[in-house]
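The values are calculated or read from the model by the stated rules, or taken from the named source; none is laboratory data. Since the model is a prediction, treat every value here as computed from it, not as a measurement. Because the Cβ atoms are built from the backbone with ideal geometry, glycine has one as well, and the counts that use them run over all protein chains shown. Side chains included, ligands, DNA and RNA excluded: accessible areas come from the protein's heavy atoms. Shrake-Rupley method; radii C 1.70, N 1.55, O 1.52, S 1.80 Å.
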Amino acid sequence: MVEPVLSTVTRTQGANAALKDGTVTPDGCRFAFEEVPVLVHAFRRMVRGLEFDVSEMALTTYLVAKAHGARFTAVPAFLVRGFHHGAVLHNPAVSGLTGPADLTGRRVGVNRGYTVTTGVWARAVLGAEYGVDLAKVTWVLSGDEHVAAYRPPANVEPMAPGRTLEELAVSGELAAVIGVDATAPELVPLVPDPERAAVAALLRDGTYPINHLVVIKDELLERHPGLGADVLRAFTRAKDLYVQRLRAGAIEEPTKADRLYSRVMEMTGGADPLPYGVEANRQVLEALMRHAVDQRILERPLPLEELFAEGARG
């Protein structure tokens, strides 16, 4: 049988570098990598046009797409994880905020769409850990949603044209912003000592957010039984090589992500900082779906096993 050649988009990073440079090759298929400079553009192209055979994708984008009938299915290769306590920024000189609880009744900017995964996790922090009534905050978006059929709740509105979220936060017209790569020195994290707070959440209840996974077109999964398992195995082998290098301290110029994963290993007694598979991540996946329902992104939690390709859940 001729092995399928899969058009594949995934940003080069530690967990997939061995796939991108050819050190690891998949069984049963071949990846033809395409580079999309702005990765979120690939998410949109996949959601709206099924332009790739295999694509990295933000987790909440995937959940919303599946809820609206998208013809692709994930494998549990979770390429990107992170903490989001530091994602909420404000200008303390003008915001009038003394802490996260003061956001109730205020206007808060969200980078891009309401369903952006960083925004979902950051709002979860605000609601679950700091008691913010998320339904009583007006969320102001700088862009639209990848899934065009999705309709946000009534307390979500677009930003007026001609300004940026950063400018509006600096001026105090927005009490805070989420997920903005800000350069203005006036903007600082609203959660005090966010790194310490994130570490405390991890140690207290195992909160270790997933941001990205990998999806495959359904027509290919139907045509090639076992393809999901082949793709998952390849991504897992590449990730395992990366984790070995992290453990050995063999990364010469570590990125911010490398340093984060190394710290997670230290905090968890050397555990894999990028666990793949459904069972190893059941708690965090179910938590994100609960948050998505609470934030009116999903109508109900989706059956977890149905979210991942058959034969590629372990």
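Checking Pro189, Pro161 one by one, the residue that is over 23 Å from the mean Cα position of the chain (by Cα) and either open to solvent by 30 Å² or more (accessible area, probe 1.4 Å) or among the polar types (S, T, N, Q) (or both) is Pro161 and no other. Within the stretch 114-134, if we keep just the residues that are open to solvent by 10 Å² or more (accessible area, probe 1.4 Å) and charged (D, E, K, R), the residue that is farthest from Ala87 (Cα to Cα) turns out to be Asp133. Scanning the stretch 25-70 for residues that are over 17 Å from Arg112 (Cα atoms) and charged (D, E, K, R) turns up Asp27, Arg30, Glu34, Glu35, Glu51, Asp53, Glu56, Lys66. The lone criterion from (1) more than 30 Å from Arg107 (Cα to Cα); (2) out of contact with any helix residue (DSSP H, G or I) (no Cβ under 7 Å at 6 or more places or on another chain) left unmet by Asp193 is number (1). Those residues that are touching a Leu at 6+ places or on another chain (Cβ under 8 Å) and closer than 28 Å to Leu203 by Cα, I need them from the stretch 75-96; list them, please. Selection gives Val75, Pro76, Ala77, Phe78, Leu79, Arg81, Gly82, Phe83, Val88, Leu89, His90.
Exactly one residue among Gly270, Gly314 is in a loop (DSSP other than H, G, I, E, B), open to solvent by less than 80 Å² (accessible area, probe 1.4 Å) and in contact (Cβ under 8 Å) with a residue 12 or more places away in the chain, and that residue is Gly270.
In the set Ala58, Ala32, Ala65, only one residue is in contact with a strand residue (DSSP E or B) (Cβ under 7 Å, 6 or more places away or on another chain) and over 21 Å from Pro225 (Cα atoms); that residue is Ala58.
Scan the stretch 250-260 and give yes if some residue there is in a helix (DSSP H, G or I), over 19 Å from the mean Cα position of the chain (by Cα) and either at pLDDT 95 or above or under 28 Å from Val64 (Cα atoms) (or both), otherwise no. No, the stretch 250-260 has no match at all.
When the helices (runs of 4 or more DSSP H) confined to the stretch 1-85 are screened for residues that are within 15 Å of the chain's Cα centre (by Cα) and closer than 28 Å to Arg151 by Cα, those reaching at least 3 such residues are found at 39-49, 59-67. The set of residues from the stretch 220-249 being of a type in the set (Asp, Glu) and more than 21 Å from the chain's Cα centre (by Cα) comprises Glu222, Asp230.
Residue-wise test of (1) surrounded by fewer than 16 Cβ atoms within 10 Å (Cβ to Cβ); (2) at pLDDT 95 or above.
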{"position": "Arg196", "(1), (2)": "yes, no"}
{"position": "Ala201", "(1), (2)": "no, no"}
{"position": "Asp205", "(1), (2)": "yes, no"}
{"position": "Pro209", "(1), (2)": "no, yes"}
{"position": "Glu222", "(1), (2)": "yes, yes"}
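Quick one: how many residues across the stretch 294-311 are in a loop (DSSP other than H, G, I, E, B) and either open to solvent by less than 90 Å² (accessible area, probe 1.4 Å) or among the polar types (S, T, N, Q) (or both)? So the answer is 8.
Conditions tested, residue by residue: (1) farther than 16 Å from Val214 by Cα; (2) touching a helix residue (DSSP H, G or I) at 6+ places or on another chain (Cβ under 8 Å).
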position	(1), (2)
Gln244	yes, no
Arg247	yes, yes
Glu253	yes, no
Tyr261	yes, yes
Leu274	no, yes
Ala280	yes, no
Glu286	yes, yes
Met289	yes, yes
Leu307	no, yes
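Would you confirm whether any residue within the stretch 18-40 is surrounded by 13 or more Cβ atoms within 10 Å (Cβ to Cβ), over 27 Å from Arg245 (Cα atoms) and of a type outside the set (A, V, I, L, M)? No, that holds for no residue.
The residue list Gly277, Gly269, Gly314 contains one member that is more than 17 Å from Gln13 (Cα to Cα) and in contact with an Asp or Glu (Cβ under 9 Å, 6 or more places away or on another chain), which is Gly314.
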